[in-house]
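All remarks here apply to the structure that follows.
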Amino acid sequence: MKKKEADYSQYLEDWPLHYYQIKDISLREKILQERIAQYDDPDDQRRLVVLQKRYGRAQLKQRPDNFMHALLMIRQMADTKPNAFNRKTMNEQLITHLETLGVYDEDPVMEAEWADLFDCYLTVSRKSFSRPAFLGMGRRDQDTVSAAVMDDLSQMLEEVPARFHLQQDVASLLAIARKRAEVFLERN
């Protein structure tokens, strides 16, 4: 038990600097709830709301990431062209996904959550785009991988919203995605 308490203390130092280093979402939620009980900080209360919006309230071993799901659904929409039969449905779906991502509830806590989302997304995308190009032979060079990742973000957050005149709704999300992508690509 003392070891877990020691682990908590390392995360609580310089709070909330180490908040996103807690990869176990249930543990992150537990630490956050304990912190709220001690300090009653409005930012921590907002963090809890955002955490539950992103990962749900169910205490599962692996909690689904609702933000990542919404982002991937927008990515899938990039492959489907709107026409007279599906335009209204696609518009409604896009707005639902944007609501899931919290673009209409923008604040500094939500922006920090988006930054974490894009860090996760970029890590996964880089691994996906770095796979061998042809029958397991050879790897794609770094510039090709970087271009593919940036193109993917552009399709999701520029092209799809532009089809439905929702560019203003995703402007902050797009700015954070670009900033995180630049930092990520410089590091890797």
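Would you please put 9-15, 65-71 in order of how densely packed they are, using the mean number of other Cβ atoms within 10 angstrom per residue and starting with the highest?
Taking the mean over residues of other Cβ atoms within 10 Å, the ranking is 65-71, 9-15.
Can you compute the charge dipole magnitude of the range 2-55 about its Cα centre, using +1 on each Lys and Arg Cβ and -1 on each Asp and Glu Cβ, nothing else charged? Give it in debye, rounded to the nearest 20.
With only Lys, Arg, Asp and Glu charged at Cβ, the dipole is about 320 debye.
Counting Lys and Arg as +1 and Asp and Glu as -1, each charge on the Cβ, what is the dipole of the chain about the Cα centre in debye, to the nearest 20?
880
Of Gln76, Thr100, Leu166, which is farthest towards the positive pole of the chain's charge dipole, taken about the Cα centre with +1 and -1 on the beta-carbons of Lys, Arg and Asp, Glu respectively?
The listed residue farthest towards the positive side: Gln76.
How high is the relative contact order of the chain, in percent, counting Cα pairs under 8 Å that sit 6 or more residues apart?
Worked out over the chain, it gives 19 percent.
Based on the Cα atoms of the chain, what semi-axes does the equivalent ellipsoid have, where each is the square root of 5 times one gyration tensor eigenvalue, given in whole Å with the largest first?
32, 23, 15
Using the Cα centre of the range 31-77 as the reference point, and only Cβ charges (+1 on K/R, -1 on D/E), how large is the resulting charge dipole? Debye, rounded to the nearest 20.
340
So what is the calculated 222 nm ellipticity per residue for the chain, using -39500 (n - 2.57) for each DSSP H run with n of 4 or more, over all residues, to the nearest 500 deg cm²/dmol?
Value at 222 nm, helices only: -21000 deg cm²/dmol.
Ordered by residue, what ³J(HN,Hα) values in Hz, to whole numbers, does the range 16-28 give under the Karplus form 6.51 cos²θ - 1.76 cosθ + 1.60, where θ = phi - 60° and Gly and Pro are x?
Here the 3J(HN,Hα) series is x, 3, 9, 4, 7, 7, 7, 7, 6, 5, 5, 5, 4 Hz.
All of the numbers you see were taken from the coordinates with simple rules; none came from a lab. This one's a predicted model, so the numbers in the text were calculated from it and none came from an experiment. Every residue, glycine among them, receives a Cβ derived from its backbone with ideal geometry; neighbour counts consider all protein chains shown.
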